[in-house]
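The structure appears right after this line, and notes come after that.
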Amino acid sequence: MFSVQNISMLFSGHLLFDQVSFLINSNDKIGLVGANGTGKSTLLKLLAKELEFDRGEIVIPEGKTVGYLPQELKNESKLSIYHETQKAFYQINALEKKIEQLNQDLITRTDFESAEYMNLAHELSVSTERYHLLGGQNRDADLEKVLLGLGFTAEDFSRSLCEFSGGWRMRVEIAKILLQKPDLLLLDEPVNHLDIESIEWLEQFLKNYFGAVILVAHDRVFLDSVTSRTIEISKNRIYDYKMAYSAYVLEREERLIGEQAAYVNQQKQIQEIEQFVARFRYQATKAKQVQSRVKMLEKMERVEVDSIERSSIKFRFQEAPSSGKIVVETQKLDKRFGDNLVLNQLDFVLLKGEKIAFVGKNGMGKTTLAKIIVGEQDYEGEFKLGYNVKLGYYAQNQTEYLDMNKTVFETIDDVATGDLRKKVRDILGAFLFSGETIDKKVSVLSGGEKSRLALAKLLLEPYNLLVLDEPTNHLDIQSKSILKNALMQYNGSLIIVSHDRDFLQGLTDKVIEFKKAETKEHLGDIRNFLEKRKIENFQQLEKSGKSLKNRGKDKSISENKQAYLDKKESDKELRKLENKLHLIEKEILKMEKEIEISDANLADPRKYKELINDSTFFESYQKLKTNLESRLNEWERISLELEGK
């Protein structure tokens with residue numbers, strides 16, 4: 001159990017935390033939430049001991065480890081992906097060398113009954129147990145599993161890290177943290193660097209992770225899937241909710257209603273006291289009562305309430321200018337980067353008013369096609385924009401187009417026209433700019449602040465086609481909600497590249513999946529696409545797909561009979577999986593019992609002396625551990641497949 005006890009901290013002269021306390025249990029999955037600037041990233045750094053606090057204590061139990069992934073981390077290594085990721089095994093590698101040396105020392109000694117010999121044997125036993133606990137015997141398999149899950153291919157393993165973009169380098173850092181298997185895992189915005197498939201893989205990994213996890217994320221679906229506890233930072237304190245994010249939001253609303261009522265009552269009480277003091281201040285007969293009420297005001301702990309919910313701020317796009325029926329069209333379009341074919345013979349049409357999501361693994365061509373559409377990338381084949389298309393583009397490097405000498409307010413005010421000029425402050429507030437921040441120069445803003453400002457600026461222009469490439473990366477959940485509502489009411493055409501499932505849900509009419517230079521069109525929104533893909537991922541699809549295709553040609557089979565046959569085949573597959581799972585469980589129990597017996601023998605000094613010279617024992621012992629790990633992975637895979645049914 002990790003413990004945060006009465007932590008207080010000043011940051012840049014302002015109180016960031018005021019006597020914050022909470023416990024982290026061994027298997028907690030915690031979402032850390034709060035408005036930007038409340039100290040989420042700072043709290044993670046305190047837990048990772050990368051920052052000092054002013055008062056209080058953070059207790060990390062002896063022998064427990066902490067792994068921390070910051071939002072950004074520059075890695076200029078020239079090692080291959082494989083060898084860079086192997087750095088995660090520094091503990092295992094050190095133990096391996098230690099075990100080798102201890103074995104060598106024991107072999108050369110003859111004083112079998114001496115205390116020194118027994119100490120060496122005990123140290124070897126402890127080191128060996130720790131080695132297996134960290135998964136030393138399966139490190140290569142674990143490394144491959146994690147890298148593949150995070151979107152790398154087997155061919156990428158031998159490529160140099162410096163060949164990859166910053167986002168892919170961050171994936172390597174995520175892999176290294178996961179492979180270290182710390183008892184407490186601290187992740188600051190890990191999903192910013194992942195595509196939808198990798199996010200889903202990470203969800204499953206973290207849900208089944210043996211230790212505690214605290215993560216900062218602005219992805220509602222990710223938080224709901226992984227966490228079962230939410231800690232909110234607000235007004236220098238924390239509010240601990242034993243529930244996932246969506247349930248927390250409802251609970252928080254009730255809390256705010258209560259706070260608002262308490263605030264109104266207190267303000268009424270303060271007003272009455274102040275009126276009494278003002279009325280009788282100069283009357284000697286009332287001096288004691290006046291002084292008593294003055295002291296009451298001084299001692300009164302003032303009720304604070306959160307500022308107005310940003311979700312109540314309404315913002316609409318300007319009316320989209322009229323365009324032709326066909327907005328974008330490509331025919332036989334190709335795009336290569338050297339020998340790498342990214343888009344192959346692409347035929348794509350975007351009609352007036354359509355809203356389309358581009359999804360798929362990073363590097364599959366989503367951003368490339370977006371850049372071709374906006375005229376920032378060359379190509380082979382045919383491409384054309386429709387009649388009177390006025391295009392707005394938000395790129396991942398959009399901040400480079402901002403005027404660094406203007407203030408935040410000037411940047412938006414110079415673009416806003418008509419009635420929108422009256423709403424400039426509301427619009428900036430929706431994108432987390434308020435108070436003194438609107439007078440800041442753009443040059444002093446953080447990367448996230450610049451991104452939000454660029455997006456706010458884009459939304460003020462009258463466009464009939466918007467192309468948005470990962471617009472939500474630096475927005476909190478409330479700001480994303482405002483942007484989504486505006487896009488849903490927008491009457492122009494939309495192409496959006498995003499990995500945020502909650503943001504995409506209900507926003508688009510169609511999903512274009514990019515995979516290995518090809519594209520596939522899916523009608524409906526992201527939920528329809530994901531549900532369809534889960535079905536396609538079942539192992540029986542290849543087998544049943546052919547039979548379903550043939551059945552579709554047989555008009556003589558009624559719908560009821562077809563449904564019966566489908567259910568019969570599904571039940572058959574289900575029984576096969578359940579039987580297989582049962583057999584694997586029996587094998588696991590048997591292997592665990594054998595390992596338990598071996599561990600007991602290793603712990604017995606007399607038996608250990610016999611085993612140390614038996615090379616076949618350690619060989620079979622390690623093989624048994626490897627087989628157990630393999631069967632556990634197989635059990636997990638089949639269990640997940642059964643859950644999907």
Item to complete: Please report the base-10 log of the normalised intensity I(q)/I(0) for the chain, using a Debye sum with one equal scatterer per alpha carbon and no solvent, at each q in 0.07, 0.08, 0.09 (1/Å).
Response: -0.62, -0.78, -0.95
Worksheet item: Which ³J(HN,Hα) values, rounded to whole Hz and listed in residue order, are derived for region 428-443 from phi using the Karplus coefficients 6.51, -1.76 and 1.60 in 6.51 cos²θ - 1.76 cosθ + 1.60 with θ = phi - 60°, glycine and proline given as x?
Response: 5, x, 4, 9, 6, 10, 7, x, 6, 5, 6, 9, 6, 6, 4, 4
Item to complete: Among DSSP beta bridges whose residues both lie in the chain, state the antiparallel percentage, nearest 5.
Response: 50 percent
Fill in: Lys, Arg +1 and Asp, Glu -1 on Cβ, resulting dipole of region 170-287 about Cα centre, debye, nearest 20
820 debye
Fill in: Computed label-point distance, nm, for sites ASN265 and ARG533 using a 7 Å Cα→Cβ extension
5.1 nm
Worksheet item: What value, in deg cm²/dmol to 500, does the helix sum -39500 (n - 2.57) over DSSP H runs of n ≥ 4 give at 222 nm once divided by the residues of the chain?
Response: -15000 deg cm²/dmol
Worksheet item: In a Debye calculation with equal point scatterers on the alpha-carbon sites of region 169-235 and no solvent, what is log10 I(q)/I(0) at q = 0.12, 0.16, 0.26 Å⁻¹?
Response: -0.29, -0.52, -1.41
Response to the item:
1/(1 + (r/R0)^6) with r = Cβ-Cβ of VAL415 and SER12, R0 = 22 Å, i.e. FRET efficiency to nearest 0.05, evaluates to 0.10
Item to complete: Only Lys, Arg, Asp and Glu count, each charged at its Cβ (+1, +1, -1, -1), so figure out the dipole size of region 319-427 about its Cα centre, rounded to 20 debye.
Response: 340 debye
Worksheet, complete the sentence: Contour minus Cα-Cα span, GLU253 to ASN75, at 0.36 nm per residue, comes to 59.9 nm
Item to complete: Keeping every protein chain in place, order GLU232, GLU272 by accessible area at 1.4 Å, biggest value first, i.e. largest first.
Response: GLU272, GLU232
Discussion item. Can you give me the long-range amide H partners of LEU343? Hydrogens built in the peptide plane at 1.01 Å from N, cutoff under 5 Å, separation of 5 or more residues or another chain.
Written reply: LYS335
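If Lys and Arg each add +1 and Asp and Glu each add -1, what is the summed charge of the other residues whose beta carbon sits under 14 Å from the beta carbon of GLY211?
Numbers: positive: LYS29, LYS64, LYS181, LYS207; negative: ASP28, ASP183.
It works out to a net charge of +2.
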Practice prompt. Send over a whole-number figure in Å² for the accessible area per residue of region 1-153, probe 1.4 Å.
Written response: 55 Å²
Response to the item:
In terms of the charge dipole of region 46-203, which places +1 on Lys and Arg and -1 on Asp and Glu at the beta carbon, the residue among VAL146, LEU178, PHE157 farthest towards the positive end is PHE157
Response to the item:
Calc'd 3J(HN,Hα), region 41-48, phi into Karplus 6.51 cos²θ - 1.76 cosθ + 1.60 (θ = phi - 60°), Hz, glycine/Pro = x, comes to 5, 5, 5, 4, 5, 5, 5, 7
Response to the item:
For the chain, the dipole about the Cα centre with charges only on Cβ (Lys and Arg +1, Asp and Glu -1), to the nearest 20 debye, works out at 1980 debye
Response to the item:
A chain fully extended from VAL294 to ILE58 at 0.36 nm per residue, minus the present Cα-Cα distance, gains in nm 81.0 nm
Worksheet item: Within region 409-426, what residues put their amide N at less than 18 Å from the label point 7 Å along the Cα-to-Cβ vector of LYS441?
Response: 409-412
Worksheet, complete the sentence: The simple spin-label model distance between ARG336 and ARG279, using points 7 Å out along Cα→Cβ, in nm, is 9.0 nm
Item to complete: May I have the count of lysine pairs in region 377-460 with C-alpha atoms under 22 Å apart, counting pairs 8 or more residues apart or located on different chains?
Response: 18
Worksheet item: What number comes out for the charge environment of ASN627, summing +1 per Lys or Arg and -1 per Asp or Glu over other residues with Cβ under 13 Å away?
Response: -2
Worksheet item: Given a Förster distance of 60 angstrom, what is the FRET efficiency for TRP635 paired with LYS235, based on the Cβ-Cβ distance and rounded to 0.05?
Response: 0.80
Item to complete: Please calculate the 1.4 Å probe accessible area of MET296, with all protein chains present, and give it to the nearest 10 Å².
Response: 90 Å²
Response to the item:
Long-range amide H partners of VAL328, meaning residues 5 or more apart or on another chain whose placed amide H is closer than 5 Å, are LEU350, GLY386
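In the chain, what percent of the accessible surface is made up of carbon and sulfur (1.4 Å probe, ligands and nucleic acids excluded)?
49 percent
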Fill in: Positive-end residue of ASN192, HIS122, ALA262, charge dipole of region 119-275 with Cβ unit charges
HIS122
Practice prompt. State which entries of LYS181/LYS480; LYS484/LYS510; LYS64/LYS607 exceed 23 angstrom in Cα-Cα distance in the structure shown.
Written response: LYS181/LYS480; LYS64/LYS607
Worksheet item: Can you give me the relative contact order of region 1-84 as a percent, contacts being Cα pairs under 8 Å and 6 or more apart?
Response: 34 percent
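The values are calculated or read from the model by the stated rules, or taken from the named source; none is laboratory data. Keep in mind the model is a prediction, meaning the values are calculated, not measured. Positions of Cβ are generated from backbone atoms using ideal geometry, with glycine treated the same way; all protein chains shown enter the neighbour counts. Side chains included, ligands, DNA and RNA excluded: accessible areas come from the protein's heavy atoms. Shrake-Rupley method; radii C 1.70, N 1.55, O 1.52, S 1.80 Å.
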